[in-house]
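In what follows, a structure is listed as structure tokens, so that the remarks can point back to it.
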Amino acid sequence: MFTDIGHRFGRVEPRRRMRDYVRGLLAPVARKNSWQLAEQAGHTTPDGLQHLLSRARWDADEIRDDLQTYVAQQLGRKDGVLIIDDTGFVKKGTTSAGVQRQYSGTAGRTENCQIGVFAAYTSSAGRALVDRELYLPKSWTGDPERCRAARVPAEREFATKGALARAIVLRALSSPLPIAWVTADAAYGQEGRFRRMLELAGVGYVLAVPKSQFSLAGPRIDHVFDQAPQQAWERRSCGPGAKGQRIYDWAAVQLRAVAEFDCDDGQLVRRRWALARRSVSKPDEIAYYLVYAPLEAGVADLVRVAGARWAIEECFQAAKNECGLDQYEVRRYVGWYRHITLAMLAHAFLAAMTAREAEKGAVSVRMPRPLSSPWRKCADSWQLSLPDTPIPVSMR
């Protein structure tokens with residue numbers, strides 16, 4: 001992995017520091033900030049790693065491109081799904097680039113935080129984060145002095161999360177990643193521009209939408225399924241979860257075609273659907289999707305892609321818990337992109353190693369978390385683990 005990206009660093013010092021930084025992110029370090037990563041690497045101070053994130057000359061976007069190539073090689077499959085979602089990074093103060101009080105889905109409430117829009121790639125081989133953009137609210141883009149202090153590029157203008165997501169998808173589609181489908185939650189699925197972009201690119205999608213969404217100039221999507229007979233609902237699994245198979249009742253309705261996007265030389269090549277997912281235990285809880293799919297795709301395929309959206313949540317959890325995605329202490333714009341990109345690289349390496357072990361038939365093993373307690377279990381009793389330093393006679 002290091003040999004694939006080493007050429008992006010013009011000098012040997014930042015190349016070695018990048019290697020030490022990523023190895024530290026992969027190591028069982030209690031908290032993966034510059035101080036503890038430096039200690040893990042054997043550095044006397046964190047100055048070198050902090051320089052890597054702030055002032056060293058290298059382009060995080062080039063590393064992102066290499067990351068996408070690496071994921072394509074390790075996890076790329078023809079059934080690949082690109083997933084779009086955002087996550088929050090709770091922060092104190094007002095100087096971290098993009099920070100303000102805003103809703104964070106991670107915290108489930110309004111917090112003082114940064115928001116990153118991410119893409120994950122998932123296939124039958126595994127899953128990994130492959131792109132990222134920092135959301136800058138208008139409170140930032142409308143304050144040039146504040147942006148200069150955080151080293152936000154002068155050309156960076158306000159962009160909605162939807163616009164950031166569209167840019168991410170277009171980059172992914174031009175990368176080596178084999179992408180058959182795109183999925184996202186209702187925050188992105190409800191945007192007509194987002195759906196139209198995918199249709200123009202000829203990429204299938206299964207996008208969550210709010211119940212008030214209209215289905216191609218027809219009735220609201222929830223009204224469509226209110227009229228569905230009970231036999232239209234089929235119990236299916238949309239994939240395994242932490243507690244076993246994710247079982248829901250599903251119903252699908254074909255929608256009329258749009259000749260401009262769904263036909264080629266007068267022949268239908270794409271089909272549109274409305275899809276609904278109903279909770280088994282709480283039938284009033286129904287989620288809705290708009291679908292743009294290849295002609296040969298069936299309901300089972302649509303359900304599988306809809307269920308793939310959870311993969312990005314698992315990526316966030318693993319990248320934060322195991323690779324320090326959210327444990328940075330940088331405040332400037334460039335530092336955020338550099339840390340996040342290297343953490344994504346570390347996470348992709350773990351995903352690739354897991355995929356290789358799975359191909360060999362080995363049991364997947366999670367990285368051990370650092371033990372913060374001095375107590376250790378020995379046989380059937382607990383003991384206090386102390387340094388191997390003799391106790392003075394006066395203390396015995």
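Residue by residue, here is whether (1) at pLDDT 95 or above; (2) of a type in the set (A, V, I, L, M, F, W, C); (3) out of contact with any Cys (no Cβ under 9 Å at 6 or more places or on another chain); (4) more than 30 Å from Val258 (Cα to Cα) holds:
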{"site": "Tyr289", "(1), (2), (3), (4)": "yes, no, yes, no"}
{"site": "Ala319", "(1), (2), (3), (4)": "yes, yes, yes, yes"}
{"site": "His339", "(1), (2), (3), (4)": "yes, no, yes, yes"}
{"site": "Met353", "(1), (2), (3), (4)": "no, yes, yes, yes"}
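How many of the residues making up the stretch 102-139 are over 18 Å from Ile84 (Cβ atoms) and touching a helix residue (DSSP H, G or I) at 6+ places or on another chain (Cβ under 6 Å)?
Qualifying residue count for the region: 2.
Taking the residues in the stretch 25-35 that are out of contact with any Cys (no Cβ under 6 Å at 6 or more places or on another chain), touching a residue at least 24 places away in the same chain (Cβ under 8 Å) and assigned to a helix (DSSP H, G or I) as candidates, determine which candidate is farthest from Leu53 (Cα to Cα). Reasoning before the result, please.
Filtering the stretch 25-35 down to residues out of contact with any Cys (no Cβ under 6 Å at 6 or more places or on another chain) leaves 26-35.
Filter again for touching a residue at least 24 places away in the same chain (Cβ under 8 Å), leaving 26, 28-34.
So of that shortlist, the ones also assigned to a helix (DSSP H, G or I) come out as 26, 34.
On the way: Leu26: 17, Ser34: 9 Å.
Step by step, filter the stretch 25-35, then rank; the result is Leu26.
Which of the residues spanning the stretch 217-232 are under 16 Å from Tyr289 (Cβ atoms) and modelled with pLDDT under 85?
Passing the criteria: only Gly218.
Since Ala97 meets every condition but one in (1) in a helix (DSSP H, G or I); (2) crowded, with 19+ Cβ neighbours inside 10 Å, which condition does it not meet?
Against the list (1) in a helix (DSSP H, G or I); (2) crowded, with 19+ Cβ neighbours inside 10 Å, Ala97 comes up short only on (1).
Quick check, is Ala319 closer than 28 Å to Gln213 by Cα, in contact with a strand residue (DSSP E or B) (Cβ under 8 Å, 6 or more places away or on another chain), in a helix (DSSP H, G or I) and in contact (Cβ under 8 Å) with a residue 12 or more places away in the chain? Outline the logic, then answer.
Working: closer than 28 Å to Gln213 by Cα: no; in contact with a strand residue (DSSP E or B) (Cβ under 8 Å, 6 or more places away or on another chain): yes; in a helix (DSSP H, G or I): yes; in contact (Cβ under 8 Å) with a residue 12 or more places away in the chain: yes.
It is false that Ala319 is closer than 28 Å to Gln213 by Cα, in contact with a strand residue (DSSP E or B) (Cβ under 8 Å, 6 or more places away or on another chain), in a helix (DSSP H, G or I) and in contact (Cβ under 8 Å) with a residue 12 or more places away in the chain.
Being assigned to a loop (DSSP other than H, G, I, E, B) and more than 17 Å from Met197 (Cα to Cα) is the filter here, so list the residues in the stretch 140-173 that pass it. Full working, then the answer.
In the first step, residues of the stretch 140-173 are kept if they are assigned to a loop (DSSP other than H, G, I, E, B); the result is 142-143, 150-160.
Within the stretch 140-173, Gly142, Asp143, Ala150, Arg151, Val152, Pro153, Ala154, Glu155, Arg156, Glu157, Phe158 meet the criteria.
Those residues that are exposed (fewer than 14 other Cβ atoms within 10 Å of the Cβ) and touching a residue at least 12 places away in the same chain (Cβ under 8 Å), I need them from the stretch 259-268; list them, please. It would help to see each step written out before you state the result.
From the stretch 259-268, those exposed (fewer than 14 other Cβ atoms within 10 Å of the Cβ) are 259-260, 263-268; that's our starting set.
Residue satisfying the conditions is Leu268 alone.
Within the stretch 288-316, track down each residue that is among the hydroxyl-bearing types (Ser, Thr, Tyr) and closer than 18 Å to Arg236 by Cα.
Step one: filter the stretch 288-316 for residues among the hydroxyl-bearing types (Ser, Thr, Tyr), giving 288-289, 292.
Matches in the stretch 288-316: Tyr288, Tyr289.
Evaluate the stretch 2-10: report whether one residue or more is more than 26 Å from the chain's Cα centre (by Cα), small (Gly, Ala, Ser) and not in a loop (DSSP other than H, G, I, E, B).
no
So which of Val130, Val22 is crowded, with 23+ Cβ neighbours inside 10 Å and either of a type in the set (A, V, I, L, M, F, W, C) or not in a helix (DSSP H, G or I) (or both)?
Values: Val22 fails: crowded, with 23+ Cβ neighbours inside 10 Å.
Checking each option against the conditions leaves just Val130.
Residues to consider are Leu177, Leu164; find the one that is in contact (Cβ under 8 Å) with a residue 60 or more places away in the chain, crowded, with 21+ Cβ neighbours inside 10 Å and either closer than 29 Å to Thr354 by Cβ or over 20 Å from the mean Cα position of the chain (by Cα) (or both). Give the derivation first.
On the way: Leu164 fails: in contact (Cβ under 8 Å) with a residue 60 or more places away in the chain.
Only one candidate passes the filter, namely Leu177.
For the condition under 18 Å from Ala343 (Cβ atoms), under 17 Å from the mean Cα position of the chain (by Cα) and not in a strand (DSSP E or B), what is the one hit in Tyr70, Tyr121?
Working: Tyr121 fails: not in a strand (DSSP E or B).
Criteria check complete, one pass: Tyr70.
Okay, residues lined up against (1) loosely packed, with under 11 Cβ neighbours inside 10 Å; (2) part of a helix (DSSP H, G or I):
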position: Ala251; (1), (2): no, no
position: Val280; (1), (2): yes, no
position: Leu290; (1), (2): no, no
position: Ala297; (1), (2): no, no
position: Ile312; (1), (2): no, yes
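Out of all the residues in the stretch 228-247, is one or more among the polar types (S, T, N, Q), touching a Phe, Trp or Tyr at 6+ places or on another chain (Cβ under 9 Å) and more than 30 Å from Leu345 (Cα to Cα)? It would help to see each step written out before you state the result.
Here is the first cut: in the stretch 228-247, the ones among the polar types (S, T, N, Q) are 230-231, 237, 245.
Add one more test, that the residue is touching a Phe, Trp or Tyr at 6+ places or on another chain (Cβ under 9 Å), and what stays is 237.
Imposing the further condition that a residue be more than 30 Å from Leu345 (Cα to Cα) reduces the set to 237.
Taking every residue of the stretch 228-247 in turn, at least one turns out to be among the polar types (S, T, N, Q), touching a Phe, Trp or Tyr at 6+ places or on another chain (Cβ under 9 Å) and more than 30 Å from Leu345 (Cα to Cα).
Would you confirm, using the coordinates I've provided, whether Tyr103 is modelled with pLDDT under 95, within 21 Å of the chain's Cα centre (by Cα) and assigned to a helix (DSSP H, G or I)? Spell out how you get there, then give the answer.
Values: modelled with pLDDT under 95: yes; within 21 Å of the chain's Cα centre (by Cα): yes; assigned to a helix (DSSP H, G or I): no.
Considered against the rule, which asks whether it is modelled with pLDDT under 95, within 21 Å of the chain's Cα centre (by Cα) and assigned to a helix (DSSP H, G or I), Tyr103 comes out as no.
Please find, within the stretch 78-94, the residue that is farthest from Asp185 (Cα to Cα) out of those that are crowded, with 22+ Cβ neighbours inside 10 Å and among the acidic types (Asp, Glu).
Asp86
Go through the stretch 59-70 and count every residue that is without any contact (Cβ under 8 Å) to a residue 60 or more places away in the chain and touching a Pro at 6+ places or on another chain (Cβ under 9 Å).
So the answer is 0.
The values are calculated or read from the model by the stated rules, or taken from the named source; none is laboratory data. Fair warning: this is a prediction, and the values are worked out from it, not measured in the lab. Don't worry about glycine lacking a Cβ; one is built from the backbone with ideal geometry, like all the others, and counts go over all protein chains shown.
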